[in-house]
Amino acid sequence: MVVLMRRIVEKSILTGLLSVFASLALSFIIVPLLGGQVAGAGLFMTIFCPLAISIPASALHFTQSEKVRRAEAATKEALNKLADAYDALRLQSRTDGLTGTLSRSAFLEELDATSQHGVSGALLFLDLDYFKSINDRYGHATGDEALRCTGLILARYQGQSGFAGRLGGEEFGLFQRNLTPAEMLIRSEEIREEIARIDLRSPSGSKVLISASIGVFHCRPGFHPHSCLKAADENLYQAKASGRNMVIG
């Protein structure tokens with residue numbers, strides 16, 4: 001506040017002095033041309049009037065300008081906070097809170113956008129085996145931990161190379177860009193083995209066995225998302241029917 005008042009006083013005095021110099025210059029130029037003389041009361045008024053008018057006017061103008069500047073700064077800060085809140089809310093709405101992967105709707109949006117950009121790649125549809133038994137035997141907290149650990153594994157494959165999402169319950173989807181069919185099967189086996197190595201313990205300390213069945217389908221450029229998901233789902237069903245904990249593609 002003290003700094004602001006000092007700036008107002010300095011600005012007002014400077015404006016007043018400039019006004020005086022301008023008034024004197026005009027007076028000594030114009031008054032003699034009209035046959036008069038700048039002296040006495042006229043000289044006093046030439047100096048006093050600009051000071052009496054310009055200093056208060058300058059102080060008022062500077063104060064109002066400062067208020068406007070602060071209001072604009074506060075508005076800008078509020079807009080930035082609102083934009084950050086919107087981005088956080090949008091991210092939250094697109095993310096599954098338990099696994100950290102995309103929500104089903106966000107995953108499908110990304111898959112549709114990827115198909116429109118003419119990208120090829122591998123589409124994995126995986127399901128944790130005997131997940132209901134894990135919940136029934138060890139409790140839902142242990143089941144949630146199994147889902148969370150699976151999400152952490154899939155999240156490592158997200159980024160420029162692809163994206164992962166929880167499609168519902170214990171089902172997950174993963175798209176990996178620009179993989180050949182052979183690379184697709186290798187990547188799928190890597191993920192299956194990583195899930196099988198999850199070290200999850202029950203409340204009593206016993207090891208909880210986790211495995212996943214994976215249906216995989218290679219998507220060509222311009223692929224149809226729904227058709228590819230259906231094909232991957234059919235391969236997943238075949239993997240479960242063939243004994244689970246395997247990759248079919």
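The values are calculated or read from the model by the stated rules, or taken from the named source; none is laboratory data. Keep in mind that this is a model prediction, so the values were computed, not measured. Counting neighbours? That spans all protein chains shown, and the Cβs are built from the backbone with ideal geometry, glycine included. SASA here: full protein model, heavy atoms, side chains in, ligands and nucleic acids out. Shrake-Rupley method; radii C 1.70, N 1.55, O 1.52, S 1.80 Å.
Couple of notes before you dig in:
- For trypsin sites (Lys or Arg not before Pro), the sites in region 104-195 that DSSP calls loop and that have at most 14 other Cβ atoms within 10 Å are ARG156.
- Taking amide H positions as modeled 1.01 Å from N, with prolines and chain starts lacking one, the residues under 5 Å from LEU102 and 5 or more places away or on another chain are ASP96, ALA164, GLY165, ARG166.
- Per-residue surface analysis assigns LEU200 an accessible area of about 10 Å², computed on protein heavy atoms at 1.4 Å probe radius.
- VAL208 long-range amide H proximity, modeled H, under 5 Å: LEU200, ARG201, SER202
- Dimensions (Å) - region 162-249, Cα atoms, principal axes, largest first: 50, 23, 22
- Carbon/sulfur fraction of accessible area - region 90-211, other protein chains in place, 1.4 Å, %: 50
- Local charge for LEU209 was computed over the other residues whose Cβ lies under 13 Å away, with Lys and Arg +1 and Asp and Glu -1, and equals +3.
- Karplus (6.51, -1.76, 1.60) ³J(HN,Hα), θ = phi - 60°, over region 148-162, in Hz, Gly and Pro reported as x: 4, 5, 5, x, 5, 5, 5, 4, 5, 9, 8, x, 5, 7, x
- Under 5 Å, built H, 5+ apart or other chain: amide partners of CYS219: GLY121, ALA122, LEU123
- Remark: the GLN238-LEU98 segment gains 47.6 nm on full extension, using 0.36 nm per residue and subtracting the alpha carbon distance.
- Gyration tensor verdict on region 150-203 (Cα atoms; rounded if a/c is under 1.5, prolate if a/b is larger than b/c, oblate otherwise): prolate
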